[in-house]
Amino acid sequence: MTAPNIETIVSLAKRRGFVYPSSEIYGGLGSAWDYGPLGVELCNNVKQAWWRWMVYERDDIEGLDSSIILNRLVWKYSGHEDTFSDPLVDCRECKTRLRADKLNDGKCPNCGSTDLTEPRPFNLMFRTHVGAASEEDDSSLVYLRPETAQGIFINFNNVLTTSRRKLPFGVAQLGKSFRNEVTPGNFIFRTREFEQMEMEYFVRPGEDEKVHQEWIDQCSQWFLELGIAGENLRLYEQPKEELAHYAKRTVDVQYRFFPEREDAEKQWDELMGIANRTDFDLRTHSKKPEDAEGKRLNPDSTEDLSYFDEATKERFYPYVIEPAAGVNRTVLAVLMDAYTEKTNDKGETRVILKLHPALAPIKAAVLPLAKNKPEIVALAKSIKRSLQPVLRAVYDDTGGIGKLYARQDEIGTPFCVTVDHQSLEDNEVTVRDRDTWEQERVKVVELEGYLLKRLNK
């Protein structure tokens, strides 16, 4: 079948409780979304899969959860106050404000006018104030963090001291970030509030290029292991003119988010970025480094974030390799890639969300064949309760068995467990596979082990 576009996923997401427009009863808020009962489970499963892969399955990564609001000086010395901006223009005809770098032909996409103002920078950080000082008091100004990475860099010494790590090692973090995007959109692809999965891997200078390539390869493989088709993934080497000021090299893992676009190159966009940030961050947050003229880079810092190698007796600033992905975009890619349609024996087209079992919001749905027979209902509810401690299971009797199967297929539930009249006699249930629609009789006492084995394949 033709790959679904984002609009298809938007319809499914609201209909089945993955994602809702935020503040909808008051007319909504542009590019703000709330994750419903299934959406929050899917997001949690994505985050857990990332954390397990990044932290638990390795022996060189620690975890961290830093504050969303940091000292303003963090963003001064990271460069965000001066450089974290988009170039904006205003259309003098329709008064629309636009990003200059998105105007391919120099025309306003709203009215077609070419009468535009000169570009000017617009800082993307959300401003707020702390304490009882008035908003006019500049000393109270702080920002909501635009990335989680800086919280890791400023805690480098803390993690190093308490975990007693030696290079190379990494620090992983999951958390919300905020960017006052001028032109957000495309559902959850670009929003002003989003959640990041970032890891900063600290290495010796000179080892950075080899380690960078290793992380590029590993990150690409991780998305394949989530069940995303390789044909919808590619690596994009950022050219020098696109690199961030701190980056030596950056490679993006891109996904085909926009298959409906005629221009093949415009079908792709970033899913994860893997950057070699050099030693920029640790240097700029340290009290000792000087520029070429001997001027202190950071007179406000109280700490030196260099690393002392006991084996070689050298002191230096580690280079940093940063794989960074958004939870929102990963969820969108997973939903798009899992979306399939299948025709049943009656000629009806059914949506099947072929999510990886580890990501599926619900692992098993327990369904009574006859909801008006108390013995069947009681057994079905008992089975659901027995499964709940080990996997996410639900009970549903709000329709005929065909509709119940279709509903679970559409939300990605790998297995349906049907309790019927025969179950009361032989204590067996029918387990139906989401992807193949094949059915198998399984003894109730063996059901938990059977499902766990199938889910962990």
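General observations
- Contact order for the range 362-455, expressed relative to its length and based on alpha carbon pairs under 8 Å spaced 6+ residues apart, stands at 29 percent.
- Ordering of 426-435, 88-97 by packing [mean C-beta count within 10 Å, highest first]: 426-435, 88-97
- Estimated inter-spin distance, K14 and L141, nm [label 7 Å along Cα→Cβ]: 3.9
- Compared with the dominant Cα axis of the chain, that is its longest principal axis, helix 374-387 is turned about 30°.
- Compactness ratio for the range 117-248: Cα radius of gyration over 2.2 N^0.38 Å (N = residue count) comes to 1.34.
- For the chain, the dipole from Cβ point charges (+1 on Lys and Arg, -1 on Asp and Glu) about the Cα centre works out to 1060 debye, to the nearest 20.
- Column: log10 I(q)/I(0), Debye, Cα scatterers of the range 393-443, q = 0.21, 0.26, 0.30, 0.32 Å⁻¹: -0.76, -1.08, -1.26, -1.31
- Computed over the Cα atoms of the range 1-126, pair by distinct pair, the Kirkwood hydrodynamic radius stands at 19.3 angstrom.
- Unmatched cysteines, the chain - criterion: no other Cβ of a Cys under 4.7 angstrom: C43, C219, C416
- Those trypsin sites (Lys or Arg not before Pro) in the range 108-217 that DSSP places in a loop and that have at most 14 other beta carbons within 10 Å: R164, K166
- Its alpha carbons give the range 302-457 an Rg and a Dmax of 23.1, 77 Å.
- FRET efficiency, R385 to E225 (Cβ-Cβ, R0 35 Å, nearest 0.05): 0.65
- Mean Cβ count within 10 Å, highest first, over the residues of peptides 193-205, 311-323: 193-205, 311-323
- Positive-end residue of L455, V429, G30, charge dipole of the chain with Cβ unit charges: V429
- Cβ crowding within 10 Å averaged over residues, with 342-352, 389-399, 275-285 ranked highest first: 275-285, 389-399, 342-352
- Under 16 Å from the Cα of K107 - aspartates and glutamates, other chains or at least 8 residues apart: D90, E93, D115, E118
- With only Cα atoms counted, the chain has Rg and Dmax values of 25.9, 87 Å.
- Angle in degrees between helix 6-16 and the longest Cα principal axis of the chain, rounded to the nearest 10: 50
- Under-5 Å amide H pairs with W33, H placed in peptide plane, nonlocal only: S22
- Candidate lysines for bridging to K240, where Cα separation is under 24 Å - those fewer than 8 sequence places away on the same chain excluded: K102, K210, K248, K266
- In the range 362-455, lysine pairs closer than 15 Å at Cα, eight or more apart or cross-chain: 8
Each value in this text was obtained by applying a stated rule to the coordinates, not by laboratory testing. All figures in this text were calculated on a predicted structure; none of them were measured in a lab. When we count neighbours, we look across all protein chains shown, and the Cβ atoms used for this are built from the backbone with ideal geometry, even at glycine.
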